[in-house]
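Encoded as structure tokens, the structure appears first; notes follow it.
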Amino acid sequence: MPALFERSRRPSLLRRVLAAWRSASPRPGGLGNLAEAGSTAVVRLDFKPSDIWLYVTGEPERRWRTKSCAKEPWTVDWLLHDVRRGDVLYDVGANVGAFSLIAAKHTGAYVVAFEPGYANFARLCDNIQLNSCGGRIVPLPTALAERAELVGFEYRSVEPGQSRHQLTEARWSIEANDGEKYVQPAATMPLDGVIADYDLPVPNHLKIDVDGAELRVLRGARDLLGRPELRTVLIEAAPAMRDAVQRLMEEAGLRLRANLRLERAHAPGYALFERC
């Protein structure tokens, strides 16, 4: 077991939360009305092999996060076939934690989950506790890039479960919030520096889903990409980035195993790389 991880001795929240939720008075309309009223529901992730639960308070969580497996079956397949019990997985762009929870709770991996968005990070921590995974998932609110600086993190919307936020190139300033969308100041760090400074275990697997900042993450992880411990990398990348991503991977000794979900020419696709 990596030194960073200790078994959680806290009692499970799941039984208490489910009991409280189920004992509440029924509301007409089901989950839709619960979300609209601002109440919190507990919903099972669409992962058949294990019971994994997510808090839900709004449309992005209900529509996308509870259906993460149907949305990304290739990611589930990778977690089930490549990630082994006791492996270390870095989930970069973890959102509310659906795939981190599958890796930890079902596969038995140890996970470091990076999520800089404040609403998603809070919900990620909630879901870790709900599923009693505090001893297997370490959540970090760090934004990863090629260097340490203060930049903007522009939100599409601030609801938990939302995605397609943008890490800006420009240095953050107070004037960044003169527009309609909230721009959070984000302190970035290169992943190589995070591993060294925080004494993190070197991952065996790396998942990157950061909506346009993929090359920035990879450029800050050149040492890691060359480490023999790192066996596979699953990454989402826009078409304009795919060639550059593949070059960085090949330079580090990682070859393309498969291109995934490329049915739309201009949509982001996923690529799976493995150690040569």
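The values are calculated or read from the model by the stated rules, or taken from the named source; none is laboratory data. Quick caveat: nothing in here was measured; it's all calculated off a predicted structure. Here the Cβ positions follow ideal geometry from the backbone for every residue, glycine too, while neighbour counts run over all protein chains shown.
Listed by first and then second residue, the pairs linking a residue in segment 140-154 that is within 14 Å of residue 193 (Cα to Cα) to a residue that is small (Gly, Ala, Ser) and surrounded by fewer than 20 Cβ atoms within 10 Å (Cβ to Cβ), with Cβ atoms under 9 Å apart and 6 or more places separating them unless they lie on different chains, are 142/187; 143/187; 147/193; 148/187; 148/193; 149/187. Residues of segment 170-202 that are among the charged types (D, E, K, R) and more than 30 Å from residue 63 (Cα to Cα): 171, 175, 178, 192, 197, 199.
Within segment 52-64, residues that are under 13 Å from residue 126 (Cβ atoms) sit with their Cβ atoms under 6 Å from residues that are basic (Lys, Arg) and surrounded by fewer than 21 Cβ atoms within 10 Å (Cβ to Cβ), at 6+ positions apart or across chains, in these pairs: 53/44; 56/62.
Scanning segment 40-75 for residues that are more than 22 Å from residue 108 (Cα to Cα) and of a type in the set (A, V, I, L, M, F, W, C) turns up 41, 42, 56, 64.
If you check 134, 152 for being buried (at least 17 other Cβ atoms within 10 Å of the Cβ), in a loop (DSSP other than H, G, I, E, B), in contact with a Ser or Thr (Cβ under 7 Å, 6 or more places away or on another chain) and of a type outside the set (S, T, N, Q), only one passes: 134. Among the residues making up segment 235-260, none is closer than 23 Å to residue 81 by Cβ, modelled with pLDDT under 95 and assigned to a loop (DSSP other than H, G, I, E, B). The criterion of being over 16 Å from the mean Cα position of the chain (by Cα), buried (at least 21 other Cβ atoms within 10 Å of the Cβ) and not in a loop (DSSP other than H, G, I, E, B) does not hold for residue 217.
Do we have any residue at all in segment 160-167 that's more than 22 Å from residue 44 (Cβ to Cβ), touching a residue at least 24 places away in the same chain (Cβ under 8 Å), surrounded by fewer than 18 Cβ atoms within 10 Å (Cβ to Cβ) and not small (Gly, Ala, Ser)? Yes, some residue in segment 160-167 is more than 22 Å from residue 44 (Cβ to Cβ), touching a residue at least 24 places away in the same chain (Cβ under 8 Å), surrounded by fewer than 18 Cβ atoms within 10 Å (Cβ to Cβ) and not small (Gly, Ala, Ser).
Conditions tested, residue by residue: (1) crowded, with 21+ Cβ neighbours inside 10 Å; (2) over 24 Å from residue 74 (Cα atoms); (3) modelled with pLDDT of 95 or more.
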site: 169; (1), (2), (3): no, yes, no
site: 198; (1), (2), (3): no, yes, yes
site: 210; (1), (2), (3): yes, no, no
site: 226; (1), (2), (3): no, yes, yes
site: 233; (1), (2), (3): yes, no, yes
site: 262; (1), (2), (3): no, no, no
site: 274; (1), (2), (3): no, no, yes
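Figure legend. Inter-residue proximity from segment 208-233: first residues touching a residue at least 12 places away in the same chain (Cβ under 8 Å) and closer than 17 Å to residue 268 by Cα, second residues surrounded by fewer than 21 Cβ atoms within 10 Å (Cβ to Cβ) and hydroxyl-bearing (Ser, Thr, Tyr), beta-carbon distance below 7 Å, spacing 6+ or different chains. Indicated pairs: 211/163. Considering only residues in segment 42-83 that are of a type in the set (Lys, Arg) and not in a helix (DSSP H, G or I), the one that is nearest to residue 103 (Cα to Cα) turns out to be 48. Here residue 247 meets the list (1) of a type in the set (Lys, Arg); (2) free of Cβ contacts under 8 Å to residues at least 12 places away in the same chain; (3) buried (at least 18 other Cβ atoms within 10 Å of the Cβ) almost entirely, failing just condition (3). Within segment 38-69, which residues are loosely packed, with under 11 Cβ neighbours inside 10 Å and either modelled with pLDDT under 50 or over 20 Å from residue 131 (Cα atoms) (or both)? Within segment 38-69, 38 is the sole residue that qualifies.
For every residue, the table says whether it meets (1) β-branched (Val, Ile, Thr); (2) over 9 Å from the mean Cα position of the chain (by Cα); (3) under 16 Å from residue 52 (Cβ atoms).
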| residue | (1), (2), (3) |
| --- | --- |
| 70 | no, yes, yes |
| 74 | no, yes, no |
| 85 | no, yes, no |
| 98 | no, no, yes |
| 104 | no, yes, yes |
| 116 | no, yes, no |
| 120 | no, yes, no |
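Listed conditions (1) within 26 Å of residue 269 (Cβ to Cβ); (2) in a helix (DSSP H, G or I); (3) among the β-branched types (Val, Ile, Thr) are all met by residue 168, apart from (2).
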